[in-house]
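Colleague: Okay, here's the structure, questions in a sec.
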Amino acid sequence: MHCPSLLCHYTYAKYNLGTMYYGGEGVRQDYQKALELYQLAANQGDVDAQYNLGYMYDNGKGIRQNKASAKEWFGKACDNGDQSSCDAYEMLNEDGY
């Protein structure tokens with residue numbers, strides 16, 4: 001992610017910390033904490049966090065499975081240029097979500 005502002009660095013840090021909690025890397029695995037951090041980063045435009053939120057909602061990781069929310073987050077990440085998110089969005093769309 002290229003961004004000159006300091007806010008972007010904090011956003012990327014939130015994403016990275018979320019990834020650590022998701023995978024239990026250096027911290028106790030905590031899907032809920034990962035979800036919270038991804039939410040913060042995603043709301044600040046981090047495309048990777050947007051994808052990860054879509055994935056978590058799609059698969060019920062750390063939150064109740066919600067295909068509509070998954071589609072929403074995949075759509076945001078797709079709009080921001082992430083092809084994997086576009087593919088996931090299209091699959092959910094084909095499944096009627």
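Colleague: Could you tell me whether any residue of region 19-27 is farther than 27 Å from residue 90 by Cα, at pLDDT 95 or above, of a type in the set (A, V, I, L, M) and part of a helix (DSSP H, G or I)?
Modeller: yes
Colleague: While we're looking at this one, here's another question. For region 61-86, how many residues meet the condition of being more than 20 Å from residue 23 (Cα to Cα), of a type in the set (A, V, I, L, M) and either modelled with pLDDT under 95 or part of a loop (DSSP other than H, G, I, E, B) (or both)?
Modeller: 0
Colleague: When you look at residue 97, is it of a type in the set (Phe, Trp, Tyr), farther than 23 Å from residue 10 by Cα and free of Cβ contacts under 8 Å to residues at least 24 places away in the same chain, yes or no? Steps first, please.
Modeller: Working: of a type in the set (Phe, Trp, Tyr): yes; farther than 23 Å from residue 10 by Cα: yes; free of Cβ contacts under 8 Å to residues at least 24 places away in the same chain: no.
No; evaluated as a whole, the condition is false for this residue.
The values are calculated or read from the model by the stated rules, or taken from the named source; none is laboratory data. Model, not experiment: these values are computed from the prediction. Here Cβ is always computed from backbone atoms with ideal geometry, including for glycine, and neighbour counts include all displayed protein chains.
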